[in-house]
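Notes follow the structure.
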């Protein structure tokens, strides 16, 4: 490779690793595996070494990745939180030892010992204690400046609020989510058709970097402490001694820490961790080799990015071949039809794998998967099984192409893929696979608002087969409901009253309750006002619907598909028989003073609730939005208005207060 080619390749690699570092560190949404990223960094580091004239302090080989997320206070680390130099072979570990031994000889040190620890796959954080009390915690960020996540860290049960001794100390640890907890989180997200976390590390990072600590509190975060950053009034000779002290103080210290007398024992420790990582309850992405003598560490020093006294040995992902025996389709609670690979069982990274998700139609085409193929699988982040590729040279010609179903495999309703989406969905409102979710939505506050009919009660009604579809809600008897609870008479009467009251709801609530794709409560209000009755709406044409402001072609298509379903027609007929209102109750005022205007509400209002203000705007023909853009006409700013107000000011959007709003509506 000549200089020009090297320069071009270095520039490409720098841009590529910057992009993927941002996805990994800042967005917590990696697009490539850790191994692929590591290989890009190795190539970049080697090229910069071979062509030093192109070396730059802005390269990620010279600095720590990661930035401070907007919304967090910045914290300057008194002692930098550096990253580690990665190595990928035991030969490189031996080279590291040779450098250490040479430096030891220069300084008259004859006995070099090491500590080998698991490199926990999580997010690094510093915890600061004053007089033994936890006062502040921050993420690593770029190593020099991190994010203040004190409140989030306080939700982690294994972080002591107070330690044994009344000392000033700053420690460093790794926040993580255990393998079992991670699998449970992703199972729940898959059931709810939410985007899956790519790996446990990013789940932990995303959870710790939530702006709302109530969200963090719900996530199963844990932490292992692995270093003393700074301590007042105490001195230690060795790193291992430090770790034992931290354990005595009540810290949850990295459980795998192996003292080694020489490089031979270091390599044995690395191999030992490699064999045991399958059985560890937490994910690791390597083994860390550290010089144990702390005074010698000071002599060895650091670079701008990494300490010279440690390296991280990275284990390659374990991959195995197996047969793709079949592809079946599962229907989730929101109707998404997901293809699932049925595999010839094979043991990978300590567990037997017999199936894995294939995500969607595009994934199958991209991998060129056929039933009967020999495929290479691995566990992403040592947790989630995934198909890496097809071993095409092993194809026999007997493999079978797979096509996604045109109808729902559960209820037989049409299965559709909307433009711009990867998912194929069942359109049937009473599909058994979707029933629980549809019922929960139907009775929710923004829909039919049936107070007392919560998720647990719905679950019990389904288990006892007291309801089998939506219309059965209106056939429930007092005795049915009373049987759910001991001494349930009062509860039953209240719920019956709430069900009967819901029959009188305005038409827009029923439209919202149907859960038509893309149609929320705002669009439901537009449709109710426009068509006035359910029958009129059910008979509306695609062209009519698509010409309505705020509806458009995508929504119009969803509405037509919904009302053409036999299940929908049957449901409406039965709801009518149960005397559920099918008409718009709101009188037509004819006052559209806000027509064509978009409002954004921010901060607290004194004389209106947020919903009351939104209803007023919509009743006068206006729209409300949750975000400020160039299309926003007014920002109604109340007390403690935040970032939306700042953005509106920067865009030159008209900002009004509550008094201005009152004048606009004639109060």
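Counting residues that are over 21 Å from the mean Cα position of the chain (by Cα) and at pLDDT 90 or above, which strands (runs of 3 or more DSSP E) fully inside segment 113-180 reach at least 3? Reasoning before the result, please.
Details: elements: 114-120, 123-130, 133-139, 145-147, 169-176.
Ranges flagged: 114-120, 123-130, 133-139, 169-176.
Out of 522, 530, 501, 486, report the one residue that is assigned to a loop (DSSP other than H, G, I, E, B) and surrounded by fewer than 19 Cβ atoms within 10 Å (Cβ to Cβ). If you could, list the steps in order and put the result at the bottom.
Values: 522 fails: assigned to a loop (DSSP other than H, G, I, E, B); 530 fails: assigned to a loop (DSSP other than H, G, I, E, B); 501 fails: assigned to a loop (DSSP other than H, G, I, E, B).
Among 522, 530, 501, 486, only 486 is assigned to a loop (DSSP other than H, G, I, E, B) and surrounded by fewer than 19 Cβ atoms within 10 Å (Cβ to Cβ).
With out of contact with any helix residue (DSSP H, G or I) (no Cβ under 9 Å at 6 or more places or on another chain) and more than 21 Å from residue 192 (Cβ to Cβ) as the only criterion, which of 479, 504 stands out?
504
Quick one: which of 507, 495 is at pLDDT 90 or above and within 30 Å of residue 553 (Cα to Cα)?
The match here is 507.
Give me the residue from segment 616-650 that is out of contact with any strand residue (DSSP E or B) (no Cβ under 8 Å at 6 or more places or on another chain) and surrounded by fewer than 15 Cβ atoms within 10 Å (Cβ to Cβ) and, out of that set, farthest from residue 524 (Cα to Cα).
In the first step, residues of segment 616-650 are kept if they are out of contact with any strand residue (DSSP E or B) (no Cβ under 8 Å at 6 or more places or on another chain); the result is 616, 619-621, 629-630, 643, 646-647, 650.
Cutting the leftovers down to surrounded by fewer than 15 Cβ atoms within 10 Å (Cβ to Cβ) gives us 629-630, 643, 646, 650.
Numbers: 629: 23, 630: 25, 643: 29, 646: 31, 650: 33 Å.
Only one residue tops the list, namely 650.
From the list 372, 350, 381, which one is modelled with pLDDT of 90 or more and outside the structural domain of residue 516 (by TED's automatic domain parsing)?
Details: 350 fails: modelled with pLDDT of 90 or more; 381 fails: modelled with pLDDT of 90 or more.
Exactly one of 372, 350, 381 is modelled with pLDDT of 90 or more and outside the structural domain of residue 516 (by TED's automatic domain parsing), namely 372.
Could you tell me which numbered condition residue 304 fails, if it satisfies all but one of (1) under 30 Å from residue 145 (Cα atoms); (2) at pLDDT below 85; (3) surrounded by 17 or more Cβ atoms within 10 Å (Cβ to Cβ)?
(3)
Given 549, 543, 536, which one is over 31 Å from the mean Cα position of the chain (by Cα) and part of a loop (DSSP other than H, G, I, E, B)?
Numbers: 543 fails: part of a loop (DSSP other than H, G, I, E, B); 536 fails: part of a loop (DSSP other than H, G, I, E, B).
When all the criteria are applied, what remains is 549.
Matching residues to (1) under 27 Å from residue 329 (Cα atoms); (2) out of contact with any helix residue (DSSP H, G or I) (no Cβ under 6 Å at 6 or more places or on another chain):
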{"site": "433", "(1), (2)": "yes, yes"}
{"site": "444", "(1), (2)": "no, yes"}
{"site": "454", "(1), (2)": "no, yes"}
{"site": "471", "(1), (2)": "no, no"}
{"site": "486", "(1), (2)": "no, yes"}
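Can you name every residue in segment 442-456 that is part of a helix (DSSP H, G or I) and surrounded by fewer than 19 Cβ atoms within 10 Å (Cβ to Cβ)? It would help to see each step written out before you state the result.
Of all residues in segment 442-456, those part of a helix (DSSP H, G or I) come to 442-443, 455-456.
Of everything in segment 442-456, those that are part of a helix (DSSP H, G or I) and surrounded by fewer than 19 Cβ atoms within 10 Å (Cβ to Cβ) turn out to be 455, 456.
This table checks each residue for (1) modelled with pLDDT of 85 or more; (2) part of a loop (DSSP other than H, G, I, E, B).
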residue	(1), (2)
557	yes, no
561	yes, no
587	no, yes
595	no, yes
601	yes, no
608	yes, yes
618	no, no
624	yes, no
645	yes, no
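Collect the residues in segment 208-222 that are surrounded by fewer than 15 Cβ atoms within 10 Å (Cβ to Cβ) and farther than 22 Å from residue 642 by Cβ, keeping them in residue-number order.
218
Quick one: is residue 158 out of contact with any helix residue (DSSP H, G or I) (no Cβ under 6 Å at 6 or more places or on another chain), surrounded by 23 or more Cβ atoms within 10 Å (Cβ to Cβ) and in contact (Cβ under 8 Å) with a residue 12 or more places away in the chain?
Numbers: out of contact with any helix residue (DSSP H, G or I) (no Cβ under 6 Å at 6 or more places or on another chain): yes; surrounded by 23 or more Cβ atoms within 10 Å (Cβ to Cβ): no; in contact (Cβ under 8 Å) with a residue 12 or more places away in the chain: yes.
Spelling it out, it is not the case that residue 158 is out of contact with any helix residue (DSSP H, G or I) (no Cβ under 6 Å at 6 or more places or on another chain), surrounded by 23 or more Cβ atoms within 10 Å (Cβ to Cβ) and in contact (Cβ under 8 Å) with a residue 12 or more places away in the chain.
Within segment 89-110, is even one residue assigned by TED's automatic domain parsing to the domain that holds residue 240, over 26 Å from residue 315 (Cα atoms), part of a loop (DSSP other than H, G, I, E, B) and under 35 Å from the mean Cα position of the chain (by Cα)?
Keep residues of segment 89-110 that are assigned by TED's automatic domain parsing to the domain that holds residue 240, which gives 89-110.
Going one step further and asking which of them are over 26 Å from residue 315 (Cα atoms), we end up with 102-110.
Checking which are part of a loop (DSSP other than H, G, I, E, B) leaves us with 107-110.
Applying the additional criterion that residues be under 35 Å from the mean Cα position of the chain (by Cα) yields none.
No.
Look at residue 296 and say whether it is assigned by TED's automatic domain parsing to the domain that holds residue 177, closer than 22 Å to residue 32 by Cα and either touching a residue at least 60 places away in the same chain (Cβ under 8 Å) or assigned to a loop (DSSP other than H, G, I, E, B) (or both). So that I can check it myself, show each step before the final result.
Values: assigned by TED's automatic domain parsing to the domain that holds residue 177: yes; closer than 22 Å to residue 32 by Cα: no; either touching a residue at least 60 places away in the same chain (Cβ under 8 Å) or assigned to a loop (DSSP other than H, G, I, E, B) (or both): yes.
The answer is no for residue 296.
Given the conditions (1) closer than 30 Å to residue 259 by Cα; (2) at pLDDT 75 or above; (3) crowded, with 16+ Cβ neighbours inside 10 Å; (4) not assigned by TED's automatic domain parsing to the domain that holds residue 127, and given that residue 17 satisfies all but one, which numbered condition is not satisfied?
(1)
Out of 286, 233, 250, report the one residue that is on the phi > 0 side of the Ramachandran plot, in the same structural domain as residue 101 (by TED's automatic domain parsing) and over 37 Å from the mean Cα position of the chain (by Cα).
Numbers: 286 fails: over 37 Å from the mean Cα position of the chain (by Cα); 250 fails: over 37 Å from the mean Cα position of the chain (by Cα).
Among 286, 233, 250, only 233 is on the phi > 0 side of the Ramachandran plot, in the same structural domain as residue 101 (by TED's automatic domain parsing) and over 37 Å from the mean Cα position of the chain (by Cα).
Of the numbered conditions (1) loosely packed, with under 15 Cβ neighbours inside 10 Å; (2) touching a helix residue (DSSP H, G or I) at 6+ places or on another chain (Cβ under 9 Å); (3) in contact (Cβ under 8 Å) with a residue 40 or more places away in the chain, residue 368 fails exactly one; give the number of that condition.
(3)
Conditions: (1) assigned to a loop (DSSP other than H, G, I, E, B); (2) closer than 26 Å to residue 556 by Cβ. Residue 465 meets all but one. Number of the miss?
So residue 465 meets the others, but not (2).
Considering only residues that are under 25 Å from residue 411 (Cα atoms) and in contact (Cβ under 8 Å) with a residue 12 or more places away in the chain, which ones fall in segment 469-483?
Residues satisfying the conditions are 469, 470, 471, 473, 474, 475, 476.
Each row is one residue, and each column tells you yes or no for (1) under 24 Å from residue 575 (Cα atoms); (2) touching a residue at least 12 places away in the same chain (Cβ under 8 Å).
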{"residue": "514", "(1), (2)": "yes, yes"}
{"residue": "517", "(1), (2)": "yes, yes"}
{"residue": "527", "(1), (2)": "yes, yes"}
{"residue": "530", "(1), (2)": "yes, yes"}
{"residue": "542", "(1), (2)": "no, yes"}
{"residue": "553", "(1), (2)": "no, no"}
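Taking only segment 214-240 into account, find how many residues are out of contact with any helix residue (DSSP H, G or I) (no Cβ under 9 Å at 6 or more places or on another chain) and either assigned to a helix (DSSP H, G or I) or over 21 Å from residue 255 (Cβ atoms) (or both).
In the first step, residues of segment 214-240 are kept if they are out of contact with any helix residue (DSSP H, G or I) (no Cβ under 9 Å at 6 or more places or on another chain); the result is 214, 224, 229-230, 232-233, 240.
Restricting the remaining residues to those that are either assigned to a helix (DSSP H, G or I) or over 21 Å from residue 255 (Cβ atoms) (or both) gives 214, 230, 232-233, 240.
Of the residues in segment 214-240, 5 are out of contact with any helix residue (DSSP H, G or I) (no Cβ under 9 Å at 6 or more places or on another chain) and either assigned to a helix (DSSP H, G or I) or over 21 Å from residue 255 (Cβ atoms) (or both).
In contact (Cβ under 8 Å) with a residue 60 or more places away in the chain, within 21 Å of residue 220 (Cβ to Cβ) and surrounded by fewer than 16 Cβ atoms within 10 Å (Cβ to Cβ), is that true of residue 107? I'd like the intermediate steps shown before the answer.
Working: in contact (Cβ under 8 Å) with a residue 60 or more places away in the chain: yes; within 21 Å of residue 220 (Cβ to Cβ): no; surrounded by fewer than 16 Cβ atoms within 10 Å (Cβ to Cβ): yes.
Judged against the criteria, residue 107 is not a match.
Within segment 563-585, take every residue that is out of contact with any helix residue (DSSP H, G or I) (no Cβ under 6 Å at 6 or more places or on another chain) and not in a helix (DSSP H, G or I) and give me the one that is surrounded by the most Cβ atoms within 10 Å (Cβ to Cβ).
580
Quick check: anything in segment 270-280 in contact with a strand residue (DSSP E or B) (Cβ under 9 Å, 6 or more places away or on another chain), part of a strand (DSSP E or B) and at negative phi?
no
The values are calculated or read from the model by the stated rules, or taken from the named source; none is laboratory data. For clarity, every value in this text was computed on a predicted model and none was experimentally measured. Here Cβ is always computed from backbone atoms with ideal geometry, including for glycine, and neighbour counts include all displayed protein chains.
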